[in-house]
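K.L.:
The structure follows.
What follows draws every value from the coordinates through simple rules; no lab data is involved. Please read all numbers here as calculations on a predicted model, not as lab measurements. Cβ coordinates were reconstructed from backbone atoms using ideal geometry, including for glycine residues, and neighbour counts include every protein chain displayed.
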């Protein structure tokens, strides 16, 4: 004996399937609109610092401010006194620079908001990437065209592995590492760089221990 | 619709994120300097040379600073008191710096008070006392190893001739110095050259744990053990309490102190009468023998040993004591106590130390202190003494102040601060300068003392060149020898604890949880007793004993230790603290009530019996299950000669698992059991380096301690054998096969590693590990407490509850060396990666390196005839291997 008529059963089946589909579509849509796992792409900063102006217009080298990028895991954030090398003379009374002058006066550091954030169990080292021909632009994008700094890469493990699994297309000659506008060299140059820069094997580059400890 | 596992997880994560209502990652500030100090490079640690003093002399240290935070202590190879190694106390001292329970403010009558008020009160009293040329002013310090503080105290005595400076250090050198006074007419300190002797006789000398030259002596001992028939040394030990030297001895005889003194008398008078004595005497005569005497022996015994060494032409130099104080400490503090009881002391300034807790019991120091109208205690903690003083002042830690310190041989080193005082503490130099009424910073005092030297060079190198004391020529006098006293029915031997020393490190969780070398007890002490004596008293380990001496009674759990002298119990000092802090309070039992000023290291027991109650001992090695399986291998020197392999290789030839291809570095470690003395420096160095949490007494009892390298201890063949066990980094690792989520991984260089983020806590890996080196975070052991988190190594992940962890061969150090080498497009060189355990080891027993490099130290060690793998028959192919111990018994003697 049937409890439900065949039509009712069919209706229930369709309804159940529709439910599953709706949940999936809804969740997928929501996932797309959720904040990126790495946090805000372009958070507000205490001073609306423009890389476009400093790098693009003025042509200041990355390393003037990010002083430890070639020596340390940490690229370095300029001390107030570095900003003041110019801003003790230029834009000395611009209202947007009030926090900077306050910092220089009191000795209290500025508190910027981190844009590129990695989880605590990831140990990224700037110096080795720069030494091995990975240009700033590979991960940070054309900061010389960013009035306000924003994150262009997801910084997810998958994204890191994309390069670690096939580093060649991301390499450039060491002289062009800090040149944001220089185009990527051709594949033959990159293959040569794999040898001259002694890039480690893909097996080594994709070992968990390369980034996690 | 096909949903892959990865997509499914993404969707789950998305719904979870939805549930937390639109949260995004928290904003994280990034804070640069306002004014950048010169030479700073965030992300690159800097090392500063300094010196730390724990057992009456300095050990040179290089302190790692991560953006201004001292995080780790390494040894200074240029310093004679370190030779590159560190003691367990050196390693743990960085935790003491960050201890949240350090005293943080001056206190008057236990209430917070202002420093200005202290200074005005002190000045008022000083004005009054100065009118009387200082009569009524007393200063009490522990052993003063700082030449600057010594000269400040001399200046004080000159300014106020009626004032008196006293010494009390529970780990004093009274017997050694008084013995020299008998033998030579002046206090002298012997400096041993163990490596120049091929036959050393130690008479209860704890030269590997408590002597000022301990790290140097361990290194020398290790050098003398090279297993070659023409050069290998021999060590005879007579000991009244288990010691590292006793464990390492070729011949060890356990007997109470009084028996050792009787033995020595007989040995000096008629060595031919007894077979053992004759054999030892012959060996000493033939092989440039050297006799060491321990602090427990009477001054006359020391005097006798000085004479015997002279007759033997022993390699021992005599120097002036590094703290030239003319009186024995016991005498000095007795004088002070007497004066306090007589009401003659108006102002007492106690510069560090904790006499309210550790002064000899017969002096009733605490009651005397109550009669002093103005008493001041400068110390790191608001402790037992502080509570009884009018004023307590927080002291600066050695990583916070300027000072200087002498090594055991007199070599001076400048103590430089790594960080500004966390709690506005006062340094000993500053308080003495207040007494001199010429307030000065510690820097000014120290700089003033060392005007003539190259200051920068001394700071950089960590030693002041050419400051070792020259050897003294002293003529021997005739010493009247006493008739030795009859030993008591039962005696109690008091020893400094290997972890907390005299009690000053009681609030240090790393040291409390560090298994004591001989017993593997943590978080407390016990009455060590031999198996026969225990049977006689009908006690087992954990049974509480009541011990009565003349005038004191204590209760302490027994712990049966094979090889302990009969009719004697050994109790470590430094426990049962009342005001140590949350970590140290109530740990263990206080043995100081048994300690009298005329007998600092032993007490005659009037009775010892079982109380019927029991107390759990938190031991980390349930050794009964492993004993007798020959894990710690040893061989006699005579059997080794001519052997290509000392121990049979039990590794099966074939394996079911395919071999891993290794095309680059192959990291490996070799641990030399022949030189390892079991001091535990590796364990605690690893703890400091790798952010390893402590778990507490109850968790240790549950078997949940977290040490990544442990030191196993076996009692086999009438020997004590030590065996450090880190992860073996097996090539066929049993842990890797059983994990359902693939958390243990094998990297391309042979490291066996744990991916914390994958680990779900099944613990299958630990279950399948035959070496039991994996550690599980059963609870959230790593706390994020201020200011303790400042000690954490920024290069190592802090693990959370529910994940498995283990030794990584100091992956962060390999990575740092790799990055530096890669930047220069070269291979890492041998010796470029030094693991934390290797760096700390005073014996140099651990070598680490690349097996692919045939010339590397580790490859060399693996070709040694003494090499063997632990549990090789399981075919795990461990990368960590051992060199077995070689014993060198005297063929004339049967015990060995």
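K.L.:
Sorting B:728, B:109 on the 10 Å Cβ count, fewest up front, what's the list?
P.N.:
Exposure proxy ranking, most exposed first: B:109, B:728.
K.L.:
Right, next: Where does the stretch B:87-171 land on the Kirkwood hydrodynamic radius, alpha-carbon pairs, in angstrom? Write out the running numbers ahead of the final one.
P.N.:
On the way: mean 1/r = 0.0633 Å⁻¹.
Hydrodynamic radius (Kirkwood, Cα pairs) of the stretch B:87-171 is 15.8 Å.
K.L.:
Another one. The stretch B:675-696 to the stretch B:827-896: how many Å between their Cα centroids?
P.N.:
Using only Cα atoms, the two centres lie 19 Å from each other.
K.L.:
Quick one: work out the % antiparallel among DSSP beta bridges in the protein assembly as shown, nearest 5. Mind showing how you got there, number by number?
P.N.:
Values: 69 of 115 bridges.
Of the beta bridges lying entirely in the protein assembly as shown, close to 60 percent run antiparallel.
K.L.:
Something else now. If I model a spin label at residue B:655 and residue A:18 as a point 7 Å from the Cα along the Cα→Cβ vector, what separation in nanometres do I get?
P.N.:
6.0 nm
K.L.:
Using a simple spin-label model with points 7 Å from Cα along the Cα→Cβ vector, what separation in nm is obtained for residue B:860 and residue B:133?
P.N.:
Going by the 7 Å Cα→Cβ label model, 6.5 nm.
K.L.:
Can you bin the stretch B:660-796 into rounded, prolate or oblate? Criterion: square roots of the alpha carbon gyration tensor eigenvalues sorted a ≥ b ≥ c, rounded for a/c under 1.5, prolate for a/b above b/c, oblate for the rest.
P.N.:
Rounded, since a/c falls under 1.5.
K.L.:
To continue, here is another question. Rounded to the nearest 0.05, what FRET efficiency is calculated for residue B:664 and residue B:609 with R0 set to 45 Å and r the Cβ-Cβ distance?
P.N.:
Between residue B:664 and residue B:609 the formula returns 0.10.
K.L.:
Whole Å is fine, so just give me how far the alpha carbon centre of the stretch A:117-191 lies from that of the stretch B:95-121.
P.N.:
After rounding, the separation between the Cα centres reads 52 Å.
K.L.:
Taking the Cβ of each residue in B:390, B:683 as the centre, tally the other Cβ atoms inside 10 Å and list the residues starting with the fewest.
P.N.:
Least crowded to most crowded, the residues run B:390, B:683.
K.L.:
Place a point 7 Å from the Cα of residue B:738 along the Cα-to-Cβ direction; which residues of the stretch B:764-793 have their backbone N under 14 Å from it?
P.N.:
B:764-776
K.L.:
Quick one: Cα centre-to-centre distance for the stretch B:36-71 and the stretch B:704-754, in angstrom?
P.N.:
31 Å
K.L.:
Let me ask something additional. Calculate I(q)/I(0) for the stretch B:304-397 by the Debye formula, one identical point scatterer on each C-alpha and no solvent, and give its log10 at q = 0.12, 0.13, 0.19 Å⁻¹ to two decimals.
P.N.:
-0.50, -0.56, -0.87
K.L.:
Next question, about the same structure. Could you tell me which of rounded, prolate or oblate describes the stretch B:791-880, using a ≥ b ≥ c as the square roots of the eigenvalues of the alpha-carbon gyration tensor, with rounded for a/c under 1.5 and, failing that, prolate when a/b is larger than b/c and oblate otherwise?
P.N.:
The shape class here is oblate.
K.L.:
Let me ask you something else. D for chain A, whole µm²/s, Stokes-Einstein with Kirkwood Rh over alpha-carbon pairs at 25 °C and 0.890 mPa s: what number?
P.N.:
Estimated diffusion coefficient is 117 µm²/s.
K.L.:
Quick one: length gained pulling residue B:367 to residue B:35 fully straight, 0.36 nm per residue minus the C-alpha distance?
P.N.:
Net length gain for the segment: 114.2 nm.
K.L.:
If the elastic network links every pair of Cα atoms under 10 Å, which of A:129, A:198, A:53 fluctuates the most in the Gaussian network model of chain A?
P.N.:
Among A:129, A:198, A:53, the largest mean-square fluctuation in the Gaussian network model of chain A belongs to A:198.
K.L.:
Then there is this: Which shape class, rounded, prolate or oblate, goes with the protein assembly as shown when its Cα gyration tensor gives a ≥ b ≥ c as root eigenvalues, a/c under 1.5 marks rounded, and past that a/b bigger than b/c marks prolate?
P.N.:
prolate
K.L.:
Taking 0.36 nm per residue of sequence separation and subtracting the Cα-Cα distance, how much length would be gained by fully extending the chain between residue B:47 and residue B:457, in nm to one decimal?
P.N.:
Answer, rounded to one decimal: 146.1 nm.
K.L.:
If you wrap a convex hull around the C-alpha atoms of the stretch B:47-97 and split its volume per residue, what is the figure in Å³?
P.N.:
For the stretch B:47-97, the hull spanned by Cα atoms encloses 61 Å³ per residue.
K.L.:
Once the Cβ-Cβ distance between residue B:827 and residue A:28 is put in as r, and R0 is 51 Å, what FRET efficiency do you end up with, to the nearest 0.05?
P.N.:
About 0.55, to the nearest 0.05.
K.L.:
Estimate the FRET efficiency between residue B:342 and residue A:108 by the formula 1/(1 + (r/R0)^6), using the beta-carbon distance for r and 41 Å for R0, to the nearest 0.05.
P.N.:
So the FRET efficiency works out to roughly 0.10.
K.L.:
Could you calculate the contour length gain from residue B:158 to residue B:186, that is, 0.36 nm times the residue separation minus the distance between their Cα atoms, to one decimal place in nm?
P.N.:
Contour length minus Cα-Cα distance gives 7.8 nm.
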